[in-house]
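The structure under discussion appears below in the form of structure tokens.
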Amino acid sequence: MNRRTILLFFLAFFFGVFFQGCSLSYSFTGASIPLEAKTISIGYFSNEAALINPALSSTLTDALRDRFASQTRLDLVNSRGDLSIEGHITGYTASPTAIQGNDVAAQYRLTVTVKVIFVNNVDETQNFEQSFSRFEDYSSTLDLNVVQDNLVATITEALVDDIFNKAVVNW
């Protein structure tokens, strides 16, 4: 073996041993997940709001599962994951936001609130229990039943961003 081959072998060995102790994994999504974490379980988000959108529970749950499956290296499991997300929908309200001079609302606001419990079995200092809330406004000339699907899609995407960022981005 020549000297260059020995030097490259030594450097590769040194860096391999040196970086073995690192505990975080980084990705282009900004997620910072402990290397020891291999799985995530995301429970079904039940709807406990006073006003119920029948599709919201499955829409939110599926969107969270899709985000973690597509933007992390974690395997999705049914229960007892290294990381775990559970929660329920606590609020689904439509309320007036812009009142005109004749006491008629010009706009309404659809607000969705979810309570999330995140458990990191690898690093318990990352655990949290928090409510997340997002809203979208719509014209009072439109019926909620007509615009509801689009509003819920936009709100769900924002809620998933918030939950994902709080759980694994750690910025």
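Quick notes on this structure:
- Around GLY91: net Lys/Arg minus Asp/Glu count, Cβ-Cβ under 15 Å: 0
- Inter-label distance, ASP161 to SER139: 2.5 nm, where each label sits 7 Å from its Cα along the C-beta direction.
- With θ taken as phi - 60° and the Karplus curve 6.51 cos²θ - 1.76 cosθ + 1.60 applied, the whole-hertz 3J(HN,Hα) list for the stretch 57-62 is 4, 6, 4, 5, 4, 5 Hz, x standing for glycine and proline.
- Inter-label distance, nm, simple model (7 Å from Cα along the C-beta direction), VAL169/SER32: 1.3
- Local net charge near THR59, Cβ-Cβ under 15 Å (Lys/Arg +1, Asp/Glu -1): -3
- Applying the Karplus relation 6.51 cos²θ - 1.76 cosθ + 1.60 with θ = phi - 60° to the stretch 40-55 yields 3J(HN,Hα) values of 9, 10, 10, x, 5, 7, 6, 9, 10, 6, 5, 9, 10, 9, x, 8 Hz, where x marks Gly and Pro.
We did not get these values from a lab; they are worked out from the coordinates using the rules stated. Quick caveat, the model's predicted, so the values are computed rather than measured. Note that we place each Cβ from the backbone using ideal geometry, even for glycine, and neighbour counts take in every protein chain shown.
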